[in-house]
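The next block holds one structure in the form of structure tokens; read it before the comments.
Derivation of every value follows stated rules applied to the coordinates shown; laboratory data play no part. In this text the structure is predicted, and so the values were computed from the model without any measurement. All Cβ positions, even for glycine, are placed from backbone atoms using ideal geometry, and neighbour counts span all protein chains on display.
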Amino acid sequence: MQSRLGEALHVYVTAMRYPPSAMHHRGPTWLGHAAREGWRGVAAVDRRGDMVGVAYGYRGAPGQWWYEQVHHGLLDTGDADGARYWLRDYFELTELHVLPGTQGRGIGEALLRMLLDEAIGAQVLLSTPEGPSRAWQLYRRVGFEDVLRNYRFAGDPRPFAVLGRPLPLD
């Protein structure tokens, strides 16, 4: 991750339509994530060796920012049972991004399957912006279900969905 961090962050900001300045504060976060238990990362490169897709994740745990956000979101909706079930033993699919010009070619699904092939956890959880997208089509196609909808994470005004499914993938 460290040796190709700049390329990975470029894929991230381009796919998410974030300003390039987002790369500066995400870099240290991504490197910190790489030290977490069960971290796995995969990338897709084109024939020239340029990165066109990136995905990574790790075992989620109490005290981690995303865990705490989702936990509070589920409790706020009255879904304590969902919080206990989904957050007890999961792999957090933290990032999965493909450059827009290369989407629709199966790269995202290939990254997803490679990443989750040996992921640690009884289930996998992820968050994605609400609304129709190729990402939604992919996640539904491989069996992700709703865990929490229209949630607003601290620091991002857009509504997100939290989706999950048991591991391993079929």
*Please report the base-10 log of the normalised intensity I(q)/I(0) for the chain, using a Debye sum with one equal scatterer per alpha carbon and no solvent, at each q in 0.08, 0.09, 0.10 (1/Å).*
-0.22, -0.28, -0.35
*Looking only at Val11, Val54, Val45, which one moves most when the chain is put into a Gaussian network model with springs between Cα atoms under 10 Å?*
Val45
*In segment 116-166, which GluC sites (Glu not before Pro) are in a loop and have at most 15 other Cβ atoms within 10 Å, using DSSP for the loop call?*
Glu118, Glu130
*Please work out the C-alpha center-to-center distance from segment 109-170 to segment 30-88 and express it in whole Å.*
10 Å
*Over the alpha carbons of segment 72-125, what is the largest minus smallest coordinate on each principal axis, giving the biggest first in Å?*
41, 24, 12
*Once Rh is set to the Kirkwood radius over Cα pairs, what Stokes-Einstein translational diffusion coefficient, in µm²/s, holds for segment 106-156 at a temperature of 10 °C and a viscosity of 1.306 mPa s?*
127 µm²/s
_Distance between modelled label sites at Trp65 and Arg105, nm, 7 Å Cα→Cβ extension_ = 3.2 nm
*Restrict the search to segment 1-97; then list the GluC sites (Glu not before Pro) that DSSP places in a loop and that have at most 14 other Cβ atoms within 10 Å of their Cβ.*
Glu37
*Provide the gained length on full extension for the span Arg36 to Ala80, in nm with one decimal, where the gain is 0.36 nm per separating residue minus the Cα-Cα distance.*
13.2 nm
*For the chain, the longest site-free run once trypsin sites (Lys or Arg not before Pro) in DSSP loop states with at most 14 other Cβ atoms within 10 Å are removed*: 106-151
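Using only helices, what value at 222 nm comes out for the chain when you add -39,500 (n - 2.57) per DSSP H run of length 4 or more and divide by the total residues, to the nearest 500 deg cm²/dmol? The partial results should precede the final answer.
Values: 6 runs with 62 residues, N = 170.
Helix contribution divided over all residues of the chain: -11000 deg cm²/dmol.
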*Taking amide H positions as placed in the peptide plane 1.01 Å from N, state which residues far from Phe153 in sequence (5 or more) or on other chains have amide H under 5 Å from it.*
Phe160
*Taking Cα atoms, how many degrees apart are the long axis of helix 5-16 and the longest axis of the chain, rounded to 10 and kept between 0 and 90?*
70 degrees
